């Protein structure tokens, strides 16, 4: 099955299914000498873990990450790093009643048409459970980028359904189950999710991510632009339906005088471009937004067909997220980290000796 790898110089290849014995990942390209332990990876993995609040799937997986290779005496060796997370709370019987039915909004139909067979247990490779390995691998990138370049990547829930959520306090993001940066909205979100669960329906969401400390020069035009690779990375996340960089779709409503980020000797005067010009990082904050669709796995009956083409009714049982956007926050961070790590190594390989002839213009935070 091609398509299970991501990256060029820093490359991950994942394997495993939602209800199989385990999920795994091979990470290639990590520089040698990085101090690394399973504890370094576990913190990020725990942030996306299910069953930690009543607002997410109640599947209770410990998600303990094991490092199988590529680390010796506490430091990376430069060889492939093997990672493994065992599945311990699989319940494939939850899917036995719909094993021959196509769930609306899922990959069941297209997988069967493409491969002639499919894993009906939670969608197999199409399940969001696969993203646990992306988060584990990206934790390596997070540690390297922070220690070597001072890069910091943080995301938060910026909208859920019709509710827009402002970022008022980064510290608050990690203190509530919604990854919300506005402490005054938590009670409202609790009530919103309670009503949603009671209705049996689901809702979409938006996650915004910011990378601070990104150096100038990351990105390889024309087809390997930094923003193009970011868009691909984000759209590879299950349920992602749209990506914005900087002003994003709002740029269609702007005038040139509003959108262009003017410059002065003191720095950029704006960041409508989201930290990327011509596919290359400007040294400003990278700002990215990702829209996620409502969860298709809901208990409300839906019309579909079975593998014989007969009309059927589908009710999805089992344990599912009423809003996948909540647990997408660490996943969005992970994908941006993987892109930045890959592009830093690519930039270093070709341009490590480049000395720019002109001055470096200070960045302007925000969009």
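The values are calculated or read from the model by the stated rules, or taken from the named source; none is laboratory data. The model shown is predicted, which means the values in this text are computed figures rather than measured ones. Cβ placement follows ideal geometry from the backbone for every residue including glycine, while neighbour counts extend to all protein chains displayed.
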*Considering every residue within region 196-214, establish whether at least one is more than 23 Å from residue 105 (Cβ to Cβ), touching a helix residue (DSSP H, G or I) at 6+ places or on another chain (Cβ under 6 Å) and surrounded by fewer than 21 Cβ atoms within 10 Å (Cβ to Cβ).*
no
*asked:* If a residue must be closer than 25 Å to residue 238 by Cα and under 24 Å from the mean Cα position of the chain (by Cα), how many such residues does region 280-299 contain?
replied: 13
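Looking at this structure, is residue 172 out of contact with any strand residue (DSSP E or B) (no Cβ under 6 Å at 6 or more places or on another chain) and either closer than 20 Å to residue 18 by Cβ or modelled with pLDDT under 95 (or both)?
no
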*Give the residue, chosen from 154, 134, that is closer than 28 Å to residue 31 by Cα, modelled with pLDDT of 95 or more and outside any helix (DSSP H, G or I).*
154
*Give 68, 36 a once-over and let me know the one that is more than 21 Å from the chain's Cα centre (by Cα), farther than 30 Å from residue 220 by Cα and either crowded, with 17+ Cβ neighbours inside 10 Å or at pLDDT 90 or above (or both).*
68
*So which residues in region 272-301 are at pLDDT 95 or above, on the phi < 0 side of the Ramachandran plot and touching a strand residue (DSSP E or B) at 6+ places or on another chain (Cβ under 7 Å), if there are any at all?*
276, 282, 284, 285, 286, 287, 288, 289, 290, 291, 292, 293
*Unmet requirement for residue 166, which otherwise passes all of (1) surrounded by fewer than 21 Cβ atoms within 10 Å (Cβ to Cβ); (2) not in a loop (DSSP other than H, G, I, E, B)*: (2)
_Residue, surrounded by the fewest Cβ atoms within 10 Å (Cβ to Cβ), within region 238-268, restricted to residues that are at pLDDT 95 or above, touching a strand residue (DSSP E or B) at 6+ places or on another chain (Cβ under 7 Å) and not in a strand (DSSP E or B)_ = 248
